Structure formats: C-alpha cells, structure tokens
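Scroll down for the structure; my scribbles are underneath it.
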Amino acid sequence: MKMLKILKYPDKRLRIKAKPVKKINYNIQKIINKMFKIMKKKNGIGLAATQINIHLQIIVIEKLLNINTPMVLINPKIIKKKGKIKFEERCLSIPNKKGIITRSKIIKVSTLNYFGKKYIFQAKSILSICIQHEIDHLIGKLFIDYI
C-alpha cells in the first residue's frame, strides 16, 4: 500500500461521502492498520478514512482517557443521542484551527469491529465527541461547519 497522507482543508475530497464497507477482508484490515500508524505519527486521537482519501466508512480512535484499547468502527451509526456538551475541537485535516462545538453528551453506536463483528455500545463525554467528529468526516462534514 502506498504512503497515505492526511488531506488538508480546503481539499474538496474531504467533502466526499464515504461508502459502507461491504466486506471486511485483509485489504480493509490493512487500511485500518495504516490509519492507526498515520494517526499515531500525527498525535491524533481519531481518524476517519475520508481524511486519507479512502472513502469508506472506517474510523479509528485511540489515546483517550476513558478507553483502554484502540477502537475500530466500521459502518458506524449513531442510534441514540442524549444531552449536550460543549468542547474545544481540533482536527488533523485543519491544523492550527480550533473551535468550541456543541455535541451530544451521550450516544449509542452500532458498528462493526476489525473482524466484522457487530456490536453496540454507549459512549459519553470525550469519546462521544470524538466519535461524532469522525462520523461527520464520513458524511463530508467538518467541525468548522458548526462555527
């Protein structure tokens, strides 16, 4: 796989809507592994495949206080929202910008994991914010759209 780079705003490819992953295979897992490497190299806590010009519904998350292991979300869907929370967000695709964004404080998410197993979980606070931020990337939305 060639070296992938994070797209930077105002690159129009950041606005492309990601397609669902139809089959989780070695190639998808290779993309996920590469996403973790890129995210770690850039000191990110979350990365959507759209940000590296792969328009599939894949998100990776790591280095959050309330999760112990790296997370992979494939074809994630928010199925329930509760409460509101404001948080200062940043983005690897929009360096040197930040903004206070209001999001749902608690979300319930349905997704597939690295191996294609479906699971449903609840996220709150920073994890909830991160997931919502990354899901926005999958639909071509950026945090600056909220400002």
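Quick note: the coordinates plus some simple rules give every number you see, no bench work behind them. Predicted, not measured: the structure shown is a model, and the values here were computed from it. Cβ: placed from backbone, ideal geometry, glycine included. Neighbour counts: every protein chain shown.
At-a-glance table
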{"quantity": "Dimensions in Å of the chain - Rg and Dmax from alpha carbons", "calculated": "14.1, 42"}
{"quantity": "Sequence ranges 43-49, 75-81, 25-31, ranked by mean other-Cβ count within 10 angstrom, highest first", "calculated": "43-49, 75-81, 25-31"}
{"quantity": "FRET efficiency for ILE78 and ASN53, using Cβ-Cβ distance with R0 set to 41 Å, rounded to 0.05", "calculated": "0.95"}
{"quantity": "Contour minus Cα-Cα distance for GLU88 and LYS40 (0.36 nm per residue)", "calculated": "15.2 nm"}
{"quantity": "Sparse-neighbour loop sites [chymotrypsin sites (Phe, Trp or Tyr not before Pro); region 109-144; at most 14 other C-beta within 10 Å; DSSP]", "calculated": "PHE115"}
{"quantity": "Sequence ranges 100-111, 127-138, ranked by mean other-Cβ count within 10 angstrom, highest first", "calculated": "127-138, 100-111"}
